[in-house]
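The structure appears below as structure tokens.
The values are calculated or read from the model by the stated rules, or taken from the named source; none is laboratory data. What you see is a predicted model; the values in this text were computed from it and never measured. Cβ coordinates were reconstructed from backbone atoms using ideal geometry, including for glycine residues, and neighbour counts include every protein chain displayed. Ligands, DNA and RNA are stripped out before the accessible areas are found, and what is left, the full protein with its side chains, is counted by its heavy atoms. Shrake-Rupley method; radii C 1.70, N 1.55, O 1.52, S 1.80 Å.
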Amino acid sequence: MTLFIQQLFNGLALGGVYCLAAIGLTLVFGVLRIPNLAHGALYMLGAYLTYFFLTTIGVPYIAAIGIAAIMLFVVGVGLERLVFHPLRNSPHTHHMIAAVGAMFFFQALAQAIWGADFRRMDTPITGELRILGAEISAQRIVIIVVAVIVLALLAWFIKRSIHGQTIEAIEQDRVGASLVGINPSMVSMLTLGLSALLATIAAGLVAPINLLSPTMGDALNLKVFAIIILGGLGSLPGAIVGGFALAIAETMTATYISSGVGEAVAFIVLVAVLAIKPTGLFTKAVQR
Amino acid sequence: MNSVPRTRSRRLLSSAAIGTLVFTIAACGGGGSGDGGDTVVIGYTGPLSGGGAAYGENVKIGLEMAVDDLNDDGVEVDGKPVTLELKSLDDKYAPSTAASNAQRLADQDKAPVVVSPNAGAIKAIQQINSGRSNFLISAYTSDPAIVQSDNPLTMMIPPNFESYASEFTETGMKHGGKKLALLGTQSEYGQQWTKSITDAWKEAGGSVGGDNSVDYATVSDFAGPVSKALADKPDAIFVGGPSQPTALIMEEARKQGFEGSFLVMDQAKLDEMATVAKIDNLTNSVGVLPVSEYEDPGTKDFIDKFADKAGDKKVPTSETALNYQGIAIITKAMEVSGSTDDPEKIRASISDALPEVDDKYKVNGFPDEITDQGHLLNPNLEATYLDDDGEYTKVPIDQVSDAK
Amino acid sequence: MNALKNPRLLGMLAVVIVLAAAPIFFAEQNYAMRVVTVGMCAAIAVYGLNIILGFTGQLSLAQGGFFGIGAYGVGLLTTDFDWSFWSAFIVTIIGTAAVGYLCGLIALRTKDEYFAIFTMAIGFIIFLVISRWESVTHAHSGVNNVKFPEGGGIIDFESPVAMFYLVFVILLICIYVTHAIRRSSVGRTLLTIRTSEDLADAIGVRVGFSKQLAFAASAVLGGIGGGLYATVVGFIGPDSASIDKTFEFLMFILVGGMGTVAGPLLGSMIVTFLFELFQDFQAYRFIVLGPIIVALVIFAPRGIIGYLGGIVDRRSRKQKIAEARRTADGASPEYDTAKSGTVTSGIDPEETK
């Protein structure tokens, strides 16, 4: 039972990270209709920038994540302008390859700046909490709490704020939205920036319990794609449910079956779900 | 299907893009150089980008240091001065790319020796290194499979990893207990280690829990696998992969209350691990001896030179030190054989070259013989036990044979 | 010979002739021979991708996985089971066809982006199976000493030149087959599906079955490429099934030109050599290569063949217009533009002006 509680919290913390990363990706898909394969690289850059501000410059942890997130927002906007905007009328094959090109570039850049060695980011948040007999590190509790707060803020932003509503409007009907005066270009930039910002928060949270390396985004990338497809492309609730579900499935199968199955479970679940419901769990009306 | 509106300027840009492409392709044909009289190219193919980049860089530093030092000393083959030049290519850890790179180094740069630090890549290179092309592989892997293939032009540098299992088992049991949990990495090498240590542990009368190996490179949070391994209440845990993630796993295990001993695979280096985790979390563990604990004549100078080159923050590891030694041995073999371009002669002279190597290149357990299959053997192989006070105690290791 | 007047086919012919003659110049350079031969193995898989992506318009990201199945099929059968290369090769081709057909049954229920990412998951599962199922695939230890094809005492396939021509001939067959598919009624069916699935369905095309066939055919070509790759390289590891391979193939087809006959071959050769060329930058090559890839996709979205085809079309159109003006001054220019427009689909109207 202690093991179960322990793994449940581990799964929840992992789920928080998956969610933050997946929501950005699914938003980008909803607005730009492109699978952004460079998302993992943005996550990696976010982690390194957080590391840079925390360790090299010496600003406090939360501020470091904040500054890095804002910088990544700019990187996201730049990516939209330089890469995805010129391709807005191309089929998604082109986006994918362009994104792979961007990913190669970001990884090589990070290696050129910070080197190939693993880096460790020390967190100011230390100590353990004892919950029902299980030892849970404070960092994991922070991850879960921050993820929930950020998700709530995001929901408020999209549903209530003017800028956020433009995102939803474009997602629902691109032509209609431009007719009422929403600029799709601006919204595309905003969305990509936002997705990079969310990825940075995820990276900043998870970095202290793992290591930084230029390829740290690769493993996350595939899983996050599985999550947003599982939840239904462009669906926010889908990304949230998918993120937590897959994370918990992953830790639990790794615990009770084997680590190999744990690694593959995301994809097995994906194949099974899509075989039954080819458009994912939370389908939105797909518009062209 | 995908017509994009294009303007004239766009067309210009695209002709420029394609023009550059065609130009670079044309330039590609003109490649190939390196026969500048007395220059001998030492080829290196390793992971310089991607997930294994840190490892590949460590090896590369050792090669660079060796080439610089040897050139400073002056190399003379068959009465003529020779300059060594290192040429490195990136293979991203992919065996077939490594083999293409090796072929390129041998063809275009006339490299008589190619260094490769990964068993898969070495196996792929062994398909092409004796026959139509001839070059010596300086193989940095402790997997004995590469000498079992009886390739005539392979020199295996590190000790066979199988040698460690019984001594690690004995030490681990003495300081921990009879029950072992497996938490190694899920790479080829990690799995071979896991198997070897499982057999040794069982032979010594211990019990082994389920295999909890995880892929150190892809797991985002080690707490899960560690909790699972600890649920069996083990007395000792086998860990190991790249140093830094290994350190994190050990730290996590200590945080979750594990008090037994660690058996650390040779890929992870205790002193390098101490750069990312507190040494208190790493104690009571048996692993390979850190370079700084070796007492070879050249070790001290090597460590100083390494700090000059790579900075104080980096710890010199055997990846760097053993390859530094390896190039010195091969260069001496060139001098002894009087040939820089006949890999067979160079390989045949290694045995005679070993005693001739200058003391400054003896840094990390210098070998005194090479087996017929091409394995360099250090007579006094030692591992280490890191005790609760953070002190290293040497543990002598009996080496096993490379036969299957 | 009508074909000789078609600049696209002429270009294809030129590429083929240049490639066929390559061993004359490179026979002594094992490195160049190796790079070209491995590049051709990849090109075969890329022709497979061309069927499902270029003709049918479905982005399959499982091609690397099928390539891996081909490589491991030949690799394991010729080593652990000691089969001859040819029997292993044929069984592997049948095997990938079966796996491809089965995967298609589920995958083709999904559409568009779902299909793309779903097939990416299939490719990744294939990779995981290969890299984790140790007792069968030897996981990361890989498969060593894959057999050379048996030459029956006539040809010695251990020679790189013989190997080159073997792969070259099979590549030509694959190119011809894809070309033939495109010209056949099946090919036209696929092109109709690419244009509009609903339309194809409405006019009575068996959309599901045609897509299924296209997917299986693309898997088979992936398997053939992989099988040859295994014997060319001699040692294979799980990286031969990795997702990176898929993206590599995608890059080849995009640079060469999607849906064209010569594109996959040209793209494979050019990108392979580009990658080798930038080797001198070592770790930093992707700082240069990344933006080059992005620029190619943005500025030459229809690939090199598409780009060259555009130039040829423009020129021939100008000629035609000039001719028309000369012969009949009063003839309506709109008529000419419209006519040439139908010959060269895919050129936007702006360019005719």
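Here is how the numbers come out for the structure above:
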read-out	value
Condition check for C:R183: of a type in the set (D, E, K, R) and open to solvent by 70 Å² or more (accessible area, probe 1.4 Å)	yes
Filter result for A:F157 (on the phi < 0 side of the Ramachandran plot, without any contact (Cβ under 8 Å) to a residue 60 or more places away in the chain and under 18 Å from the mean Cα position of the chain (by Cα))	yes
Filtered residue count, the stretch A:109-131, keeping only those that are among the aliphatic types (A, V, I, L, M) and within 21 Å of the chain's Cα centre (by Cα)	3
Number of positions in the stretch B:319-354 that are open to solvent by less than 20 Å² (accessible area, probe 1.4 Å) and in a helix (DSSP H, G or I)	21
Failed criterion for A:P35 (all others in (1) open to solvent by 10 Å² or more (accessible area, probe 1.4 Å); (2) under 18 Å from A:F104 (Cα atoms); (3) outside any helix (DSSP H, G or I); (4) of a type outside the set (S, T, Y) hold)	(1)
Pairs where the first residue, in the stretch C:277-300, is more than 7 Å from chain A (Cβ to nearest Cβ) and the second is hydroxyl-bearing (S, T, Y) and part of a helix (DSSP H, G or I), C-beta under 7 Å, 6+ apart	C:L277/B:T24; C:F299/B:S14; C:A300/B:S14; C:A300/C:Y307
Residue match in the stretch C:64-79 (condition: in the same structural domain as C:E248 (by TED's automatic domain parsing), in contact (Cβ under 8 Å) with a residue 60 or more places away in the chain and in a loop (DSSP other than H, G, I, E, B))	no
Some residue of the stretch A:230-243 being crowded, with 23+ Cβ neighbours inside 10 Å, among the aliphatic types (A, V, I, L, M) and within 12 Å of chain B (Cβ to nearest Cβ)	no
Residue count for the stretch A:195-217, restricted to those that are open to solvent by 20 Å² or more (accessible area, probe 1.4 Å), in a helix (DSSP H, G or I) and at pLDDT 85 or above	3
Any hit, the stretch B:357-365, residues being among the hydrophobic types (A, V, I, L, M, F, W, C) and not in a loop (DSSP other than H, G, I, E, B)	no
Residue match in the stretch C:210-225 (condition: among the polar types (S, T, N, Q) and either in contact with an Asp or Glu (Cβ under 9 Å, 6 or more places away or on another chain) or open to solvent by 10 Å² or more (accessible area, probe 1.4 Å) (or both))	yes
Residue match in the stretch C:73-90 (condition: over 22 Å from C:R132 (Cα atoms), in contact with an Asp or Glu (Cβ under 8 Å, 6 or more places away or on another chain) and open to solvent by 10 Å² or more (accessible area, probe 1.4 Å))	yes
The stretch C:100-115, residues that are in a helix (DSSP H, G or I) and more than 7 Å from every other protein chain (Cβ to nearest Cβ)	C:G100, C:Y101, C:L102, C:C103, C:G104, C:L105, C:A107, C:D112, C:F115
Conditions (1) out of contact with any helix residue (DSSP H, G or I) (no Cβ under 7 Å at 6 or more places or on another chain); (2) within 9 Å of another protein chain (Cβ to nearest Cβ); (3) at pLDDT below 90; number of the one not met by A:L82	(3)
Among residues of the stretch B:366-404, those that are assigned to a strand (DSSP E or B) and of a type in the set (S, T, Y), counted	4
Count of residues meeting criterion [open to solvent by 10 Å² or more (accessible area, probe 1.4 Å) and touching a helix residue (DSSP H, G or I) at 6+ places or on another chain (Cβ under 6 Å)] in the stretch A:92-101	0
Where C:R325 falls short, out of the listed (1) at the interface with chain A (Cβ under 10 Å from one of its Cβ atoms); (2) surrounded by fewer than 20 Cβ atoms within 10 Å (Cβ to Cβ); (3) modelled with pLDDT of 75 or more; (4) more than 22 Å from A:N89 (Cβ to Cβ)	(1)
Single unsatisfied condition, A:L42 versus (1) modelled with pLDDT of 90 or more; (2) surrounded by fewer than 24 Cβ atoms within 10 Å (Cβ to Cβ)	(2)
The stretch A:109-158, residues that are surrounded by fewer than 22 Cβ atoms within 10 Å (Cβ to Cβ), within 14 Å of chain C (Cβ to nearest Cβ) and in a helix (DSSP H, G or I)	A:L109, A:A112, A:I113, A:W114
Of all residues making up the stretch B:129-147, the number that are among the charged types (D, E, K, R) and either open to solvent by less than 30 Å² (accessible area, probe 1.4 Å) or modelled with pLDDT of 85 or more (or both)	1
Filter pass, A:K277 being facing another protein chain (nearest Cβ under 10 Å), open to solvent by 40 Å² or more (accessible area, probe 1.4 Å), out of contact with any Phe, Trp or Tyr (no Cβ under 6 Å at 6 or more places or on another chain) and charged (D, E, K, R)	yes
Of residues in the stretch B:84-124 being among the polar types (S, T, N, Q) and not in a loop (DSSP other than H, G, I, E, B), the one surrounded by the fewest Cβ atoms within 10 Å (Cβ to Cβ)	B:Q108
Residue list for the stretch A:207-216, filter: free of Cβ contacts under 8 Å to residues at least 60 places away in the same chain and small (G, A, S)	none
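A quick yes/no check of all residues on (1) touching a residue at least 12 places away in the same chain (Cβ under 8 Å); (2) more than 24 Å from C:A121 (Cβ to Cβ):
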{"residue": "A:L179", "(1), (2)": "no, yes"}
{"residue": "A:S188", "(1), (2)": "yes, yes"}
{"residue": "A:A196", "(1), (2)": "yes, yes"}
{"residue": "A:L205", "(1), (2)": "yes, yes"}
{"residue": "A:D218", "(1), (2)": "yes, no"}
{"residue": "A:S235", "(1), (2)": "yes, no"}
